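S.K.: So that we are looking at the same thing, I have put the structure below in structure tokens.
The values are calculated or read from the model by the stated rules, or taken from the named source; none is laboratory data. From a predicted model like this one, the values you see are computed outputs, not experimental measurements. All Cβ positions, even for glycine, are placed from backbone atoms using ideal geometry, and neighbour counts span all protein chains on display. These area figures cover heavy atoms from the full protein model, side chains too; ligands, DNA and RNA do not enter into them. Shrake-Rupley method; radii C 1.70, N 1.55, O 1.52, S 1.80 Å.
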Amino acid sequence: MFGKLLKYDFRSMFKQFAFIWPAALALALVNRFTLSGLDSTSTVGETTAGIAMLVYVAILIAMFIIAVIFVIQRFYKGLLGDEGYLMHTLPVKPWQLVGSKLLCAVTTTVINVLIAILSIFLIIPWGMEEFRDIFRGLQYVFSHWNIQATHGIIFVAELILFSLVSFATGYLQLYLAMSIGHLFNKNRVAFSVIAFIALNAIMGTLGNIILPPLGDLMEPAFRGMSGITAAHTGIWLLIAGSLILSAVFFAGTEFILRRKLNLE
Amino acid sequence: MNEQLVTCTALTKRYGGKPALRGVNLELGRGRIVGLLGPNGSGKTTFIKILVGLLQPTEGAVLVDGQSIGPYTKSIISYLPDRMYFADWMRATDLFDLFADFYKDFDRTKAMNMCASLGVTPSDRLKSMSKGTKEKVQLVLVMARKAQLYLLDEPIAGVDPAARDFILGTILTNYNENGTVMISTHLISDIEKVLDEAIFLKDGQITLHDTVDNIREQEGKSVDALFREVFRAHNFEGGAF
């Protein structure tokens, strides 16, 4: 059943982004050709390049803003609005409804990032020479592989994981804020905003209370580590912290949907 | 299979401090058409929403086919809410896909046939459909399932009398005969002729639950007439003016 929920959430995502993803890539391609106008002496070429770049940057920004709006709307309209009458009477469990929305939200963000990276590659007018250089560089790295390179790869993987968990935490905070807002009979949107701000304040306060003694507690352990081990450990602690927050937000959202649901 | 389809024990629901249901006890069998009758605000929608899992009771217990409300009970209940619940970008056929995916008892062929007889083009976008047509799509979704319990919340409230008969006809000819249909309404005269049982709900309490035949026999009047008598306090069209 979870897979079927995902199918419908992903379908609505692709509908939402069917225009903007190809548009971002197409505009990147346009820039690839207009960019050379910047070096030329012609004002026309310069203006065209400027406008093309402006539109491209605007569409990238729009892409990320739309993603956040999409995540909020899919949850608010899909689970707490009229569509909730359909979703909450399907033979599924509330955690599956939240999980499906979350997985779709994180995937949307990942695709956005990938599209942004891909578009930058499209803009740069690579020639054969540049590809050869990259290839040579990679060859050099692999032939001179050492422990630093291994650490580098692991760091990248850890940072990607941390980003993914952070996105999930952020989206779950939005979900929980909307669910808390839903507990009120009136002004639910306003209370959702207040709940979001309140969650931030609580996290800040708890952080101030918990983190200093936790730091003191762990300091001796860190002192015994090499710099590179300390860095890995630090990232994993951040990941663990985000995961704990995510779990709390998820549990709170699931509890409200399961026990306190009250659609208008 | 449990003998009783629905069992409610001391079911209570309060919104804040305000009670909407007050200690409802009810047993409902299989294979019958039941009217859930009461004026606006008597707790009909609250009761149905608890059965489908959209609300949690404050106190008391409710079992459907012997199980508490969850994925299993949702899989055997077909629910027609009192509002539109679909995203505008969808087509009726998208909803058929969705229902076929989630409900094993959804009969797609039957849905297409019902669309044909109701004059609905299922490949049209819902956005382009009139309100009445959307209501028909929703009715098709609900009645094309071979459910054990159909819960229809005010299915005839918003439509004209001709459409009312048509909708009732659709319900009668399409429901699963081993299933039970519960129709909530305050328009009793329109549905009285199809009901096997009637439940009167007043201020969140069941004041009467009997077969329509028994009511007619014992009270010597139609359910509609009895309803008007029982709920006269709510009737502002009468002698008060």
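S.K.: On the given criteria, is B:Tyr85 more than 12 Å from chain A (Cβ to nearest Cβ), open to solvent by less than 40 Å² (accessible area, probe 1.4 Å) and in contact (Cβ under 8 Å) with a residue 12 or more places away in the chain?
M.R.: Working: more than 12 Å from chain A (Cβ to nearest Cβ): no; open to solvent by less than 40 Å² (accessible area, probe 1.4 Å): yes; in contact (Cβ under 8 Å) with a residue 12 or more places away in the chain: yes.
Against the criterion (more than 12 Å from chain A (Cβ to nearest Cβ), open to solvent by less than 40 Å² (accessible area, probe 1.4 Å) and in contact (Cβ under 8 Å) with a residue 12 or more places away in the chain), B:Tyr85 does not qualify.
S.K.: With A:Leu199, A:Leu206 as the choices, which residue is closer than 14 Å to A:Ser246 by Cα and not hydroxyl-bearing (Ser, Thr, Tyr)?
M.R.: Details: A:Leu206 fails: closer than 14 Å to A:Ser246 by Cα.
Criteria check complete, one pass: A:Leu199.
S.K.: Looking only at residues that are of a type outside the set (Ser, Thr, Tyr), open to solvent by less than 50 Å² (accessible area, probe 1.4 Å) and within 24 Å of the chain's Cα centre (by Cα) in region A:183-202, which one is nearest to the other protein chains (Cβ to nearest Cβ)?
M.R.: A:Ala195
S.K.: Now a separate question. Can you spot a residue in region B:4-12 that is open to solvent by 10 Å² or more (accessible area, probe 1.4 Å) and either within 15 Å of B:Gln148 (Cβ to Cβ) or of a type in the set (D, E, K, R) (or both)? If you could, list the steps in order and put the result at the bottom.
M.R.: Here is the first cut: in region B:4-12, the ones open to solvent by 10 Å² or more (accessible area, probe 1.4 Å) are B:4, B:7, B:9-10, B:12.
Checking the rest, the ones that are also either within 15 Å of B:Gln148 (Cβ to Cβ) or of a type in the set (D, E, K, R) (or both) come to B:4, B:7.
Yes, because at least one residue in region B:4-12 is open to solvent by 10 Å² or more (accessible area, probe 1.4 Å) and either within 15 Å of B:Gln148 (Cβ to Cβ) or of a type in the set (D, E, K, R) (or both).
S.K.: Scan region A:1-34 for residues that are farther than 17 Å from A:Val106 by Cβ, open to solvent by 50 Å² or more (accessible area, probe 1.4 Å) and not aliphatic (A, V, I, L, M) and jot them down.
M.R.: Scanning region A:1-34 gives A:Lys4, A:Lys15, A:Phe19, A:Pro22, A:Arg32, A:Phe33.
S.K.: Identify, please: which residue in region B:14-32 is of a type in the set (A, V, I, L, M) and surrounded by fewer than 22 Cβ atoms within 10 Å (Cβ to Cβ) and is, among those, farthest from the chain's Cα centre (by Cα)? Walk me through how you get there before you give the answer.
M.R.: Start the filter on region B:14-32 by keeping residues that are of a type in the set (A, V, I, L, M), which leaves B:20-21, B:24, B:26, B:28.
Those left that are additionally surrounded by fewer than 22 Cβ atoms within 10 Å (Cβ to Cβ): B:20, B:26, B:28.
On the way: B:Ala20: 18, B:Leu26: 16, B:Leu28: 14 Å.
The selected residue is B:Ala20.
S.K.: Right, next: May I ask you to list the residues in region A:69-83 that are open to solvent by 40 Å² or more (accessible area, probe 1.4 Å), out of contact with any Phe, Trp or Tyr (no Cβ under 8 Å at 6 or more places or on another chain) and touching a residue at least 24 places away in the same chain (Cβ under 8 Å)?
M.R.: Matches in region A:69-83: A:Ile72, A:Arg74, A:Tyr76.
S.K.: Let me ask another. Quick one: which residue in A:Leu138, A:Leu102 is in a helix (DSSP H, G or I) and open to solvent by 80 Å² or more (accessible area, probe 1.4 Å)? Quick ask: steps written out before the conclusion?
M.R.: Working: A:Leu102 fails: open to solvent by 80 Å² or more (accessible area, probe 1.4 Å).
Every option except A:Leu138 fails the conditions.
S.K.: Please count how many residues of region A:1-48 are outside any loop (DSSP other than H, G, I, E, B), more than 30 Å from the chain's Cα centre (by Cα) and among the small types (Gly, Ala, Ser).
M.R.: Filtering region A:1-48 down to residues outside any loop (DSSP other than H, G, I, E, B) leaves A:2-17, A:20-38, A:43-48.
Checking which are more than 30 Å from the chain's Cα centre (by Cα) leaves us with A:33-34, A:36-38, A:43-48.
Add one more test, that the residue is among the small types (Gly, Ala, Ser), and what stays is A:36-37, A:45.
Result for region A:1-48: 3.
S.K.: Regarding A:Leu174, is this residue outside any helix (DSSP H, G or I) and in contact with a helix residue (DSSP H, G or I) (Cβ under 9 Å, 6 or more places away or on another chain)?
M.R.: Working: outside any helix (DSSP H, G or I): no; in contact with a helix residue (DSSP H, G or I) (Cβ under 9 Å, 6 or more places away or on another chain): yes.
Considered against the rule, which asks whether it is outside any helix (DSSP H, G or I) and in contact with a helix residue (DSSP H, G or I) (Cβ under 9 Å, 6 or more places away or on another chain), A:Leu174 comes out as no.
S.K.: Here are B:Ala100, B:Ala111, B:Ala116: which of them is within 21 Å of the chain's Cα centre (by Cα) and more than 9 Å from every other protein chain (Cβ to nearest Cβ)? Even if it seems obvious, please write down each step before you answer.
M.R.: Numbers: B:Ala100 fails: within 21 Å of the chain's Cα centre (by Cα); B:Ala116 fails: within 21 Å of the chain's Cα centre (by Cα).
So the residue among B:Ala100, B:Ala111, B:Ala116 that is within 21 Å of the chain's Cα centre (by Cα) and more than 9 Å from every other protein chain (Cβ to nearest Cβ) is B:Ala111.
S.K.: Given (1) open to solvent by 60 Å² or more (accessible area, probe 1.4 Å); (2) within 21 Å of the chain's Cα centre (by Cα); (3) closer than 21 Å to A:Lys260 by Cα; (4) not aliphatic (A, V, I, L, M), where does B:Pro71 come up short, assuming only one miss?
M.R.: The one condition B:Pro71 does not meet is (1).
Residues checked against (1) within 30 Å of A:Thr89 (Cα to Cα); (2) surrounded by 13 or more Cβ atoms within 10 Å (Cβ to Cβ):
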{"residue": "A:Ala149", "(1), (2)": "no, no"}
{"residue": "A:Leu159", "(1), (2)": "no, yes"}
{"residue": "A:Leu164", "(1), (2)": "no, yes"}
{"residue": "A:Ala168", "(1), (2)": "yes, yes"}
{"residue": "A:Ile210", "(1), (2)": "no, no"}
